[in-house]
1. Could you work out the local net charge near SER106, counting Lys and Arg as +1, Asp and Glu as -1, over the other residues with Cβ closer than 14 Å to its Cβ?
2. Near LYS118, within a Cβ-to-Cβ distance under 13 Å, what is the net charge of the other residues, with Lys and Arg +1 and Asp and Glu -1?
3. Using R₀ = 22 Å, calculate the FRET efficiency as 1/(1 + (r/R₀)^6) where r is the Cβ-Cβ separation of LYS81 and VAL60; round to 0.05.
4. Based on the mean of other Cβ atoms within 10 Å per residue, sort peptides 120-128, 223-231 so the most packed one is first.
5. For the stretch 189-266, what does the convex hull of the Cα positions come to per residue, in cubic angstrom?
6. Considering only lysines 8 or more places apart in sequence, or on different chains, count the pairs in the stretch 102-226 whose C-alpha atoms sit under 26 Å apart.
7. What lysines does LYS81 reach when the alpha-carbon gap must be under 19 Å and sequence neighbours fewer than 8 apart in one chain are set aside?
8. Provide, as a two-decimal number, the C-alpha radius of gyration of the stretch 45-97 over 2.2 N^0.38 Å, N being how many residues it has.
Amino acid sequence: MFFVVRSRSQLRIGRRRRLSGTNRLRFAIHGGQRQSSHFGTDWINAILPIHAKNRWVIKVDADELLCWPNSLNEGLSGLTKKAEQRGITSFFTPMIDLYAEQSISSSARYQSGQPFQKSCHLADPVDTYVAKWQTNGYLRIFGGPRMRHNPDEGLGPLMTKQALFFYSDGPLKFANPHALTDPRPSPLVAPLLHFKFLSDFEEKCDKAIIENKHWNNASEYRQYKANNIFEIEMKTEDSIAINSDQDLQPYINAFTDVIKRGPHPSLNQHSEKPSA
């Protein structure tokens, strides 16, 4: 079963009719504010005990695709079966930003229903990513073009996500849009391909700034506008083409290795570069 969680103002009637073509799709319509709901986390957690007890739950945005080697043949049930065989109840699902050969403003207009990877198929190599451990065991991942083009010269937006877990009406649920209430990363890794930089990204930035519903008064989107990221060619000589799910194996291996090693025992917070 699939749920679309939207506000009354966000879900247009025509779009809702188009999405309602399957009896496996349900709508959770709310009238609250995104910020006061911990950016939607409260709405999703409210659905879990009603519809998801003793089920695997995956939470993704419309521009994210969960992908792993042999994913098309194996399917989500095959992936979760691997976890069940090992007694593991969640996956570590780091985001990998994909981008086009040319700048966003020069890209061909994305057409609805078109495979995302026809527009964006390049990624930064995994050895350019940064991993930082927190004292509570939470693994923060940074990397990709948003780290390279962050105008504040910091690490950029957080790429860590814990989007897939087994819900049993226990304490494990979503703590925020990126993490579960148990912050420790699962030893099982399945990346989320993030297609943020499609041709309509500048329009989305403008909308985010006007609505002002995102974290920290949409500061991330204001930075994109100030840095005019839409005119920048994100491709570098080190960019990696992600043409099939097999191309994700180096990322999975590197993040798995970081998780296996764990935080440095003598440091409160440990930073390292994942190695391919």
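Read-outs: derived from the displayed coordinates by stated rules, not from any lab. Values in this document were obtained by computation on a predicted structure and should not be read as measured data. Here Cβ is always computed from backbone atoms with ideal geometry, including for glycine, and neighbour counts include all displayed protein chains.
1. Its environment carries a net charge of -3.
2. 0
3. 0.65
4. 120-128, 223-231
5. Considering the Cα atoms of the stretch 189-266, their hull volume per residue is 176 Å³.
6. 24
7. LYS53, LYS59
8. Rounded to two decimals, the normalised Rg is 1.26.
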